[in-house]
Amino acid sequence: METSSQTTRKLKIGLLDFEPLRIAGLRVIFAEQPDFQVVATDWATAFRDSAIDLVVVVLRDQAFSLALLARLRSRHPGLKVLVIGAGSEPEKILDAITAGAKGWLEETANPEQVMQAAYAILEGSIWAPRRVLSTFVDRALEGSAARRKRSNPRFTEREEEVLQQLVLARSNREIAQALSIREQTVKSYVARLMRKVGVGNRIALSVQAASGVWGEKKP
């Protein structure tokens, strides 16, 4: 009895705005992983369903899709979204991330890349080309002058190490491996750092860490 009650809930993957043929292909890709449950959905259902762990959405009309994506993220702030679109133009990817996407894949991505992106996003990372993440950080710095005047928070040596890993867009698992600590410990450090800095998510934490707005560590 006890064993059945402890069955792990499958992660719910919503496939949004895809053509039937592509939905069938993505179902096959995700079906190879026993911890995923795949559902085809639409925008109206996605707005109502708060149980979806990851939404994979195709970018058709960019302005229309990104506007709906921003509204969806506003309704479900913790929702993780992977966008699949044509090409890899930095501006297009940046627009998707700004609208709330946690990752971007080209339409030509293979099954292995789809799974890598899905797992990375579910673990709390952003999946996008490094050059795009760099541009994202650079633009965030343009409005950082006011933050530079604020008091510097104090970090422990281990917190500094975690921050350095976050700047590299590493997942919790990758940080744990790099620092030889447990993944749950990484989550605790990230939560503590967000409270200490006063931000609501790890992206904002990473951007501020990359900007150097806190100055040198105080003794």
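The values are calculated or read from the model by the stated rules, or taken from the named source; none is laboratory data. Computed from a predicted model, the values in this text were never measured in an experiment. All Cβ positions, glycine included, derive from the backbone under ideal geometry; neighbour counts span all protein chains shown.
Exactly one residue out of Ala96, Ala63, Ala70 is touching a helix residue (DSSP H, G or I) at 6+ places or on another chain (Cβ under 8 Å), under 24 Å from Val137 (Cα atoms) and either hydroxyl-bearing (Ser, Thr, Tyr) or surrounded by fewer than 20 Cβ atoms within 10 Å (Cβ to Cβ) (or both): that is Ala70. Inside the range 170-210, can you point out the residues that are of a type in the set (S, T, N, Q), surrounded by 15 or more Cβ atoms within 10 Å (Cβ to Cβ) and in a loop (DSSP other than H, G, I, E, B)? Ser171, the sole residue that qualifies. Is there a residue in the range 24-40 that is within 18 Å of the chain's Cα centre (by Cα) and among the aliphatic types (A, V, I, L, M)? There is no residue in the range 24-40 that is within 18 Å of the chain's Cα centre (by Cα) and among the aliphatic types (A, V, I, L, M). Residues considered: Thr41, Thr108. Of these, the only one that is among the polar types (S, T, N, Q) and surrounded by 13 or more Cβ atoms within 10 Å (Cβ to Cβ) is Thr41.
Is one or more of the residues making up the range 43-58 over 20 Å from the mean Cα position of the chain (by Cα) and assigned to a strand (DSSP E or B)? So far as the range 43-58 goes, no, none of its residues is over 20 Å from the mean Cα position of the chain (by Cα) and assigned to a strand (DSSP E or B). When Ala140 is tested against (1) modelled with pLDDT of 85 or more; (2) out of contact with any Lys or Arg (no Cβ under 6 Å at 6 or more places or on another chain), just one condition goes unmet, and that condition is (1). From (1) buried (at least 18 other Cβ atoms within 10 Å of the Cβ); (2) on the phi > 0 side of the Ramachandran plot, pick out the condition that doesn't hold for Gly87. The number of the failed condition is (1). Scanning the range 17-45 for residues that are touching a helix residue (DSSP H, G or I) at 6+ places or on another chain (Cβ under 6 Å) and more than 18 Å from Trp127 (Cβ to Cβ) gives Val38, Ala40, Trp43.
For Ala118, the criteria (1) over 20 Å from Asp35 (Cα atoms); (2) at pLDDT 80 or above; (3) touching a strand residue (DSSP E or B) at 6+ places or on another chain (Cβ under 9 Å) hold in every case but one, which is (1).
For the structure I just gave you, tell me whether Val83 is more than 15 Å from Gly124 (Cβ to Cβ), of a type in the set (Val, Ile, Thr), touching a Gly at 6+ places or on another chain (Cβ under 8 Å) and assigned by TED's automatic domain parsing to the domain that holds Ile29. Yes; evaluated as a whole, the condition is true for this residue.
Among residues of the range 85-104 that are over 16 Å from Ala118 (Cα atoms), those with a Cβ under 6 angstrom from a residue that is surrounded by fewer than 18 Cβ atoms within 10 Å (Cβ to Cβ) and at pLDDT 85 or above, sequence gap 6+ or separate chain, pair up as Ala86/Glu107; Ser88/Glu106.
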